[in-house]
1. When only C-alpha pairs under 8 Å and at least 6 residues apart count, what is the relative contact order of region 1-141, in percent?
2. Rounded to the nearest 5, what is the percent of antiparallel bridges among the DSSP beta bridges in the chain?
3. Rounded to the nearest 20 debye, what is the charge dipole size of the chain about its Cα centre when +1 sits on each Lys and Arg Cβ and -1 on each Asp and Glu Cβ?
4. Ratio of Rg to Rh for the chain, alpha carbon only, Kirkwood?
5. Provide the net charge surrounding Tyr195, with neighbours chosen by a C-beta distance below 13 Å and charges set as Lys +1, Arg +1, Asp -1, Glu -1.
6. With both partners inside region 1-148, how many of the DSSP beta bridges are antiparallel, as a percent to the nearest 5?
7. Report, in whole Å, the centroid distance computed from the Cα atoms of region 81-103 and region 229-260.
8. Check each of the chymotrypsin sites (Phe, Trp or Tyr not before Pro) in region 203-260 and keep only those in coil by DSSP with at most 15 other C-beta atoms within 10 angstrom; list them in order.
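The values are calculated or read from the model by the stated rules, or taken from the named source; none is laboratory data. The structure displayed is predicted, hence computed values, not measured ones. With ideal geometry, Cβ positions are generated from the backbone for all residues, glycine too; neighbour counts draw on all protein chains shown. Side chains are part of the model used for accessible areas, which takes the heavy atoms of the whole protein and leaves out ligands, DNA and RNA. Shrake-Rupley method; radii C 1.70, N 1.55, O 1.52, S 1.80 Å.
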Amino acid sequence: MASLQNKKKALFIVEGAKREVQFVKNLTARSNIAMEVFAVCANIHMLYGKLKSENFYFNIIDALLDMPGVSEKDKEMLRKQESFAFTYLIFDLDLQHYDLSKRENIVRGINDVKEMVQHFCDETDPTIGKLYINYPMIESFRDCASFFDDEYKNATLSLQEIPKYKEIVSKRGLTLSLSKYSYENFCNLIKQNLYKAYYLRCEEWTKPTYQIYLERLSQTHLVESEEVMILDYRTIAVLNTSFFVLVDYFGNRNEFYDKL
């Protein structure tokens, strides 16, 4: 668990070069977190496959340096891993890259994600980092009618709808430009997703205590809850866990968590 250390930089490794980078920059700017962001331009399954093919001989930085299309500027930034106190990976679930017409493929995809969150579990270790999965993708940050929407509890998406998710969110989600989100807006969205995570685990629409968050709402726990939805109902519960980076970064120091 990271502590409040604003003078130490965080490295954010994200999937896409546009929306994800924009999201991270706005979230961290409102929270006064010093950081650098690196876009892999590849999904988590591709990145993890590279690590697994080498029996995890590669650390996360080595794997990124070996990815195609990485600029010299980004390589230089990544090589300075000693400059980063914390390493966070933000990626989409990306189950659509499997053949979802077959249950065994869905099971394989979910098992891969389980293995990923168990491996990428330490933000203070620059060779590993901590992974945050968004269900079904980063656009879930605005899949609500207001900055705290009780109906978010019921926000779901069928597996067949995944390719159309951005279009769906554009019709039913927040329309305010991300650059105009205030710190209070972000805090309300963090709280909303904490409510949703707790609802998935315990069927209670309320904010979990900080201790419960630590003990019962890990990325592994959340994948297990999503697995039930996906396999039994072929439905994904909309959830954005990238907001939890702030929860893990600040913890409850100065009552950050309690004040959400």
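1. 28
2. Antiparallel bridges make up about 30 percent of those DSSP assigns within the chain.
3. Dipole magnitude for the chain comes out near 660 debye.
4. 0.94
5. 0
6. For region 1-148, the DSSP antiparallel bridge percentage is about 10.
7. Each part reduced to its Cα centre gives a spacing of 16 Å.
8. Trp205
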